[in-house]
Amino acid sequence: MTQEGATVQRTQKRGRSEMGRYIAKRLLIALATLFVILLVLFLLLTLMPGSPFNNEEKLSPDQIAALKAHYGLDKPVVERFFLYVWNMLHGDFGVSYSIQTNMPISSMVGPRIWTSVSIGLEAGILGALVGVVLGIIAALRQRTGWDTAATIIAVLGVSLPSFVFALALSYFLGYRAKLFPIIFDPAHPIVSSVLPVIALSMFTLASVERYTRSEMVSIMESDFMMLAKSKGLPKAKLVIHHALRNTLISVITVLVPLLVSLMTGSLVIEKIFSIPGLGSLYITAIQSNDYNVVLAISFIYSVMFILAMLLMDVLYVIIDPRIRIAGGK
């Protein structure tokens, strides 16, 4: 092996090592953050006035005290917290106190979370892909009809709430054209998801399109792009390997939080299309003081957000390895 080849191999090995340390560090930070979030949520719910059994008007104070003792709610807060963490690590989020008495929360949340996550993820992917494509077209065709059309779509997507698109789609494509069902049918999730996915994706599509266009225009007019053009590089290579790579870094910053919000579900969209998602269960749990359900869903939302932020950090480095990841070097 030549000296140059050995140098390249050492550089690649060092890069993989730095990537591993970077991901491990981010994982430790994520775990610590989730522990703190769980502690804060647990304390807030514990300090809230009332109890899950206040809605039962027929229960006497002695009966309520007996129920608290049965569920372990009479134990010290610290003991209850670490017992909850231990059980949670073993997949036990407790049982529902009032919504569906004694039903395991995992059985309540499981089917709903996958419904909300699948619809939100589909909406995020659709919005991201279409938004990036429209943004690139608008940037490369400035001050043309393509640019104007993309701008109009972006303005409408940002200005109008998702439920407006949901109602319009339900009326024209569901009621009038009868192309898609208006009410979500778990037996046919793919067809039933089309309208809510399109409605949810509009804001993401518009946001991604605006940022993509803005970044692409800025990068295409930058000095290093002018230098690359002067070297005679093909336009496709300029756009894909230079402009698009730098643009995606900014787009990811905008996209990841939007994707998390979509995956956690939109209560309004779920109500319009009667989707049995996580959002409706969350509101019901809050209204009925079902602490275990509120805590479990809040923690699930937190896990999704932290994982998304971790994914964003890793994608930064994958898209542009020049980003410094090792001790500021």
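Taking 0.36 nm per residue of separation and subtracting the Cα-Cα distance, full extension of the segment from ALA24 to ARG143 would add 38.2 nm. Fewest neighbouring Cβ atoms within 10 Å first, the residues MET226, MET216 line up as MET226, MET216.
Of the trypsin sites (Lys or Arg not before Pro) in the stretch 72-148, the ones in a loop by DSSP (not H, G, I, E or B) with at most 13 other beta carbons within 10 Å are ARG143. Membrane-span-like helices of the chain, defined as complete DSSP H segments with a Cα extent of 30 Å or more along the helix axis and a mean Kyte hydropathy of at least 0.0, are identified as 3-47, 105-140, 189-220, 291-319. Potential lengthening of the chain between ARG80 and LEU160 amounts to 24.3 nm, from the contour at 0.36 nm per residue minus the alpha-carbon distance.
Counted residue by residue at 0.36 nm each, then reduced by the alpha carbon distance between them, the extension gain from LYS58 to ALA187 reaches 42.5 nm.
Under the simplified labelling scheme, the VAL36-MET226 pair shows an inter-label distance of 4.5 nm, with each label point 7 Å from Cα along Cα→Cβ.
Please report GLU270, GLU18 as a ranked list, fewest other C-beta atoms within 10 angstrom at the top and most at the bottom. Present the calculation step by step, with values, prior to reporting the outcome.
On the way: GLU270 23, GLU18 17.
Fewest to most other Cβ atoms nearby, the residues stand as GLU18, GLU270.
On a per residue basis, the convex hull of the C-alpha atoms belonging to the stretch 65-159 measures out at 177 Å³. Scan [x] -0.65, -0.96; [y] -0.56, -0.95; [z] -0.79, -1.09 for the value of log10 I(q)/I(0) by the Debye sum over Cα atoms at q = 0.10, 0.13 Å⁻¹ calculated from this model and give just the label. So the structure-derived entry is [z]. Here the Gaussian network model covers the chain, with springs between Cα atoms less than 10 Å apart; of LEU278, LEU167, LEU205, LEU167 fluctuates the most. For the options GLY145, GLY124, GLY232, a Gaussian network treatment of the chain with springs between C-alpha atoms closer than 10 Å singles out GLY232 as fluctuating the most. Enclosing the Cα atoms of the stretch 105-255 in their convex hull gives a volume equal to 140 cubic angstrom per residue. Between LEU173 and ASN87, the simple spin-label model (points 7 angstrom out along Cα→Cβ) gives 4.3 nm.
Every read-out reported here was derived from the displayed coordinates using simple, explicitly stated rules and does not represent laboratory data. All values reported here derive from a predicted model rather than from experimental measurement. Quick reminder, even Gly has a Cβ in these numbers, built from the backbone with ideal geometry, and neighbours come from all protein chains shown.
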